[in-house]
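Take a look at the structure below.
The values are calculated or read from the model by the stated rules, or taken from the named source; none is laboratory data. Because the structure is a prediction, the values reported are computed rather than measured. Neighbour counts are summed over all protein chains in view; Cβ atoms, including those assigned to glycine, are modelled from backbone coordinates with ideal geometry.
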Amino acid sequence: MIYHLCLGSNLDDPNSQLDKAIYQLSTESGISILRKSSRIITKPYGMLNQPDFVNQVLEIESNDNPQDLMENLLYIEMSMGRLRRIKWGPRNIDIDILLAGDLVLDSRKSPLKKPWPQVIIPHPDLQNREFILRLLNELIPDAIHPVLHKTINEIYYELLAREEHNE
């Protein structure tokens, strides 16, 4: 299955943290990194009083089902020293599943084989995060969001128009 992941860091040399996470992903059995977006510096989302982030989107292929992949991603975060103290707080690494083709999955509504980790695909706030849409638009502008039924490009430019209107 093809997955799109977002990596982010704003602590401990963020570019180095992304490099370490990508290396760990590349050494995982059953995961192949197909493409990488550029890296961008972004303002924090949610909790604003913290350093800027470096973000990047990866396109990977994995034999893992979404829950097993999420478990691997959380393990990589933990092995890199990620501590979850504050929602949207500073972090040395964050790895989110954004999309998995046309899969729609919410383990809160349709329980999976294991109670943990929780998996929601597509990422529930993807359409409101300019940096995610910008990076996805580099890689898959014509991909259709499986819930909104619009291309990534359309969603991105609609968000930009809304943000411009609100300024």
Every listed condition ((1) modelled with pLDDT of 95 or more; (2) surrounded by fewer than 15 Cβ atoms within 10 Å (Cβ to Cβ); (3) of a type in the set (Phe, Trp, Tyr)) holds for Tyr3 save (2)
Checked segment 117-146 for anything out of contact with any helix residue (DSSP H, G or I) (no Cβ under 9 Å at 6 or more places or on another chain) and of a type outside the set (Asp, Glu); matches are Ile120, Pro122, Pro124, Phe131, Leu135, Pro146
May I ask you to verify whether Arg91 is at pLDDT 95 or above, within 17 Å of the chain's Cα centre (by Cα) and of a type in the set (Lys, Arg)? no
So Ile140 passes all but one of these: (1) closer than 21 Å to Asn72 by Cβ; (2) crowded, with 18+ Cβ neighbours inside 10 Å. Which condition number does it fail? (1)
State the number of residues belonging to segment 143-167 that are polar (S, T, N, Q) and surrounded by fewer than 11 Cβ atoms within 10 Å (Cβ to Cβ). 1
Unmet requirement for Met78, which otherwise passes all of (1) touching a strand residue (DSSP E or B) at 6+ places or on another chain (Cβ under 9 Å); (2) at pLDDT below 95; (3) hydrophobic (A, V, I, L, M, F, W, C): (1)
Filter result for Leu58 (closer than 22 Å to Lys20 by Cβ, under 13 Å from the mean Cα position of the chain (by Cα) and modelled with pLDDT of 85 or more): yes
Selection from segment 36-75 of residues surrounded by fewer than 16 Cβ atoms within 10 Å (Cβ to Cβ), over 19 Å from Asp13 (Cα atoms) and touching a strand residue (DSSP E or B) at 6+ places or on another chain (Cβ under 7 Å) yields Glu61
When you scan segment 102-109, do you find a residue that is among the polar types (S, T, N, Q) and surrounded by 14 or more Cβ atoms within 10 Å (Cβ to Cβ), even just one? yes
Which of the numbered conditions does Asp142 fail, given that it passes all the others? Conditions: (1) in contact with a strand residue (DSSP E or B) (Cβ under 8 Å, 6 or more places away or on another chain); (2) outside any loop (DSSP other than H, G, I, E, B); (3) more than 24 Å from Ile95 (Cβ to Cβ). (2)
